[in-house]
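This report refers to the structure that appears directly beneath it.
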Amino acid sequence: MTQHASPPRDSTDKVPSTGAPPAWRGLMARADVRTLSLLGVLAVLIIIGGITKPDEFLDTRNLQLVLTQASVIGVVTVGMTFVITSGGIDLSVGAIVALASVWATTVATQEYGFGGILFTAVLVGLGCGLVNGLLIAYGGMVPFIATLAMLASARGLALQITDGKTQIVTIPSVLDLGERDAYVLGVPPLVMVFAVVTIIGWLILNRTTFGRRTVAVGGNAEAARLAGIDVRRQRLYLYLLSGLCCGVAAFLLIVLAGSGQNTNGNLYELDAIAAAIIGGTLLSGGRGTITGSVLGVLIFTTITNIFALNNLQSDVQQIAKGAIIVAAVLVQRRTASTT
Amino acid sequence: MASEPPLLSMSGITKSFPGVRALDGVDLDVQAGEVHCLLGQNGAGKSTLIKVLAGAHQPDTGTIHWRGEAVTLRSPIAAMRLGIATIYQELDLVEHLSVAENVHLGHEPTAAGFVVRGKVARASTAQLLKRLGHPEIDPARLVGELSAAQQQIVSMARALSHDVRLIVMDEPSAALDPDEVDNLFRIVGDLTADGVAVVYISHRLEEIRRIGDRVTVLKDGRAVAGGLPAKTTPTREVVALMTGRNVEYVFPERPTKDVAADKPLLEVRGLARDGEFEPLDLSVRPGEIVGLAGLVGSGRSEILETIYGARKPRAGQVLVDGRALRPGSVRAAVRAGLGLAPEERKAQALLMLESVTRNVSVSSMSRFSRGGWIDRTAELGAARAATRELSLRPDNPNVPVRTLSGGNQQKAVLARWLLRGCRVLLLDEPTRGVDVGARAELYAVVRRLADEGLAVLLVSSEVPEVLGLADRVLVLREGCVVHTAPARELDEHRVLDLVMEGSPAS
């Protein structure tokens, strides 16, 4: 047999094009296509609301209401975005909100006034997050299972504490926060809390080592480990963070409702996951966007509001939500496969 | 025979992946009833070729004739329908299903079209297992409970449950004891007696001599020899075919400075892991490149990963600059100045969704941050400096790392450790998936890093790479160091003899 000499092969180290021309880059970096399309959807919704119910929808009070409603689930969604970005999931957020809201509104807690309620809500949230985090990071449990177990037990504990009764809040300073008098330049305090949580969340995810580690763990946990990142500790912190967000959300809910109930936060886990996903956070981890998540929350809350104003029943709302999730994910798959 | 068309005839098969041309016009003829051996070093294109044959990869160009008719193997199912079955090295069995369920997966015997007839499946499985010489395997047992050798038998039973005309076996003996190898060869003999063709891939020349009829040698994506007689072609000629280079690697000059007297920077004492490698001692001095040569399965990657703390050793110590590292801790290793460029770059090193900058800075984030707050300007500047030093292309650290070629992705990994200020570099198959032309540049980079005082431990299954780049070479065979020598005292021939036959051959 002969050994034929082959011609020397050329080295094909292709230099990929660097994408958009410089003039575009600044704009594209700040607002990518996905964010713009979410803004577009929101704009369309506002137009629909304005056309169908011109007087009621665009009324200041209604807009304040929409934003207030978005605040509670919005804070939860910020925490959820971190968890999903890291490749995890937290199914227990709704249950934690319920447990924190009832624990913070028991007669015993209310004796400590405003601070007692806030402190308890946050502490309960952190405690549940700690349990989730330890089970997942150090107990080696799958996030889905660990947080599903937390969902069941936290709901059960919430029922046990309240015995199914609504716990009315009697602290004036707490209730006052939800009143119109507390609005600053027309902005409800709850909305301000949401805004602050969003900004802090955005900064942490995009500007800190904590955010980088979160993305690295979600993108490739093995690579992160071999790069010297403490993956387990990072996972623990992430579920703590989600728990903290739930505690804050529980406090907002107490202010909003003036009470604590074991049925609070029902299906928050689904709303938060859905908002994060349509916002562009990858369910498989490695990419997360706080901006997208918040827009997702606003889109869902606006839909709910428009449907309510038009006297459409909640069954129709649910179907519409489902359709939007499917549409958003299909569009994302399209754009992902073309880039 | 000349009038009869071959059972299988592949001609001019090419297949490219981003950055690599895996197959470059390969021809392969297989006759019914023969054992046709495929031989070649790692990266020669064997796996890609059998994946094309199994319908798992589509060739870019080339034709495949099956019993004289042109066919397209659009999917694994299409290949299976023709009667081509493949037994991969990593077995593709479902661990949580029983033996019988695995054997009949996808073509279960059913009643009324959908009710699985478990008893029938078990009976026919038992028959197949008996034919394969393993009647003791219970068809009802879960595959996950079986040994590796038994799983391989199940895999073979699955292949035989189809009306198979050609079986591809990818290194089937790698996980087997000598007794089990004998049984395997008996099975191969039975199959060929029935007119089934076997395409047999192995590194072990003695096996090929025992059962092979003809040999095709692949190298750098080409068939350099087709259909040699397996029993009579001299070993020397086969090895020469496997190693003879059309593309000459250009290796950098070794420094004239002798480092033998220096204190070792990395020392490994008695490091061992059960079933992977025996107690191992080695040391690497600053400025020195030490190579580990050996075949897949000789424990090379495991050794590197254990030194790096990614696997916990059963015994032994790793010392950097005389100080022992906490065993099984990657963080301790990184803190002490170790850096690993792992074998599976995409799975183990890179954040594929991220930019080059973030991939480079991920191990040194504390350097660009205060109180957790990242100074992105400093980060970008440092990443740019590190990637420029390695002439990574394109010269723009903002591009996503997945758009880079294999060689430049490897440079991004090296830049990560360069930026971290690492002192001991562990390289596992540094040129896997790297285009031939880009390799010389990587070699130069590694040599330069060593000249700057790094200690480098290199693992490669490409013998010329180890010989050309390393100063000192440890030859591994099945988890044991069988030979140690300065690289310039060894040649490829001798190393291949050592790793393939275990004893020095002339």
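Among the listed residues B:Arg314, B:Arg345, B:Arg358, B:Arg331, identify the single one that is surrounded by fewer than 20 Cβ atoms within 10 Å (Cβ to Cβ), within 14 Å of another protein chain (Cβ to nearest Cβ) and over 11 Å from B:Leu266 (Cβ atoms).
B:Arg331
Every residue, every condition in (1) crowded, with 19+ Cβ neighbours inside 10 Å; (2) touching a Leu at 6+ places or on another chain (Cβ under 7 Å); (3) closer than 30 Å to B:Asp375 by Cβ, yes or no:
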{"position": "A:Asn132", "(1), (2), (3)": "yes, no, no"}
{"position": "A:Gly140", "(1), (2), (3)": "no, no, no"}
{"position": "A:Ile168", "(1), (2), (3)": "no, no, no"}
{"position": "A:Asp176", "(1), (2), (3)": "no, no, no"}
{"position": "A:Leu203", "(1), (2), (3)": "no, no, yes"}
{"position": "A:Phe210", "(1), (2), (3)": "yes, no, yes"}
{"position": "A:Ala224", "(1), (2), (3)": "yes, no, yes"}
{"position": "A:Gly228", "(1), (2), (3)": "yes, no, yes"}
{"position": "A:Leu236", "(1), (2), (3)": "yes, yes, yes"}
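Can you list the helices (runs of 4 or more DSSP H) found entirely within the stretch A:136-239 that contain at least 3 residues being in contact (Cβ under 8 Å) with a residue 12 or more places away in the chain and either within 14 Å of chain B (Cβ to nearest Cβ) or of a type in the set (Phe, Trp, Tyr) (or both)?
Hits in the stretch A:136-239: A:189-207, A:209-219.
Which count do you get for residues in the stretch A:204-247 that are closer than 20 Å to B:Ala378 by Cβ and among the hydroxyl-bearing types (Ser, Thr, Tyr)?
2
What residue, of B:Val71, B:Val26, is without any contact (Cβ under 8 Å) to a residue 12 or more places away in the chain and either surrounded by fewer than 21 Cβ atoms within 10 Å (Cβ to Cβ) or within 14 Å of chain A (Cβ to nearest Cβ) (or both)?
The unique qualifying residue is B:Val71.
Can you name the number of the only condition in (1) at pLDDT 95 or above; (2) crowded, with 20+ Cβ neighbours inside 10 Å; (3) touching a Phe, Trp or Tyr at 6+ places or on another chain (Cβ under 8 Å) that A:Ala250 fails?
(3)
For every residue, the table says whether it meets (1) surrounded by 14 or more Cβ atoms within 10 Å (Cβ to Cβ); (2) at pLDDT 90 or above; (3) touching a helix residue (DSSP H, G or I) at 6+ places or on another chain (Cβ under 6 Å).
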site: B:Ile84; (1), (2), (3): yes, yes, no
site: B:Ala100; (1), (2), (3): yes, yes, yes
site: B:His107; (1), (2), (3): no, no, no
site: B:Phe114; (1), (2), (3): no, no, no
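Criterion first (at pLDDT below 90 and either surrounded by fewer than 20 Cβ atoms within 10 Å (Cβ to Cβ) or closer than 18 Å to A:Val72 by Cβ (or both)) does A:Val297 satisfy it? Working first, answer last.
Details: at pLDDT below 90: no; either surrounded by fewer than 20 Cβ atoms within 10 Å (Cβ to Cβ) or closer than 18 Å to A:Val72 by Cβ (or both): yes.
So A:Val297 fails the test.
Spot the failing condition for A:Gly258; the list is (1) surrounded by fewer than 24 Cβ atoms within 10 Å (Cβ to Cβ); (2) within 14 Å of another protein chain (Cβ to nearest Cβ), and only one is missed.
(2)
Which residue pairs have Cβ atoms closer than 7 Å, lie 6 or more positions apart in sequence or on different chains, and pair a first residue in the stretch B:367-395 that is within 9 Å of chain A (Cβ to nearest Cβ) with a second residue that is part of a loop (DSSP other than H, G, I, E, B)?
B:Phe368/B:Asp375; B:Ser369/B:Asp375; B:Arg393/A:Asp13; B:Arg393/A:Val15; B:Pro394/A:Val15; B:Pro394/A:Pro16; B:Pro394/A:Thr18
Determine which member of the set A:Ile46, A:Ile73 is within 16 Å of A:Ile278 (Cα to Cα), at pLDDT 90 or above, more than 14 Å from chain B (Cβ to nearest Cβ) and surrounded by 14 or more Cβ atoms within 10 Å (Cβ to Cβ).
The conditions single out A:Ile73.
Let me spell it out: the conditions are (1) over 24 Å from B:Gly45 (Cβ atoms); (2) in contact (Cβ under 8 Å) with a residue 40 or more places away in the chain, and B:Arg214 meets all of them except one. Which number is the exception?
(1)
As an exercise: evaluate B:Arg367 against (1) crowded, with 21+ Cβ neighbours inside 10 Å; (2) more than 30 Å from B:Val20 (Cβ to Cβ) and give the number of the one condition it does not meet.
Failed condition: (1).
Being assigned to a helix (DSSP H, G or I), within 22 Å of the chain's Cα centre (by Cα) and more than 10 Å from chain A (Cβ to nearest Cβ) is the requirement here; does B:Glu180 meet it? Quick ask: steps written out before the conclusion?
Values: assigned to a helix (DSSP H, G or I): yes; within 22 Å of the chain's Cα centre (by Cα): no; more than 10 Å from chain A (Cβ to nearest Cβ): yes.
It is false that B:Glu180 is assigned to a helix (DSSP H, G or I), within 22 Å of the chain's Cα centre (by Cα) and more than 10 Å from chain A (Cβ to nearest Cβ).
Examine the stretch B:233-251 for a residue that is surrounded by 15 or more Cβ atoms within 10 Å (Cβ to Cβ), more than 24 Å from B:Leu498 (Cβ to Cβ) and at pLDDT 80 or above, and state whether such a residue exists.
Scanning the stretch B:233-251 turns up no residue that is surrounded by 15 or more Cβ atoms within 10 Å (Cβ to Cβ), more than 24 Å from B:Leu498 (Cβ to Cβ) and at pLDDT 80 or above.
Could you go through the stretch B:194-205 and let me know if any residue there is of a type in the set (Ser, Thr, Tyr), outside any loop (DSSP other than H, G, I, E, B) and more than 11 Å from chain A (Cβ to nearest Cβ). Explain how you work it out, then say what you get.
First, the residues of the stretch B:194-205 that are of a type in the set (Ser, Thr, Tyr): B:200, B:202.
Then keep just the ones that are outside any loop (DSSP other than H, G, I, E, B); that gives B:200.
The next check asks that each one be more than 11 Å from chain A (Cβ to nearest Cβ); those that pass are B:200.
Yes, the stretch B:194-205 contains a residue that is of a type in the set (Ser, Thr, Tyr), outside any loop (DSSP other than H, G, I, E, B) and more than 11 Å from chain A (Cβ to nearest Cβ).
The values are calculated or read from the model by the stated rules, or taken from the named source; none is laboratory data. Bear in mind the structure is a predicted one, so any value in this text is a computation, not a measurement. No Cβ is skipped: glycine too gets one built from the backbone with ideal geometry, and neighbour counts run over all protein chains shown.
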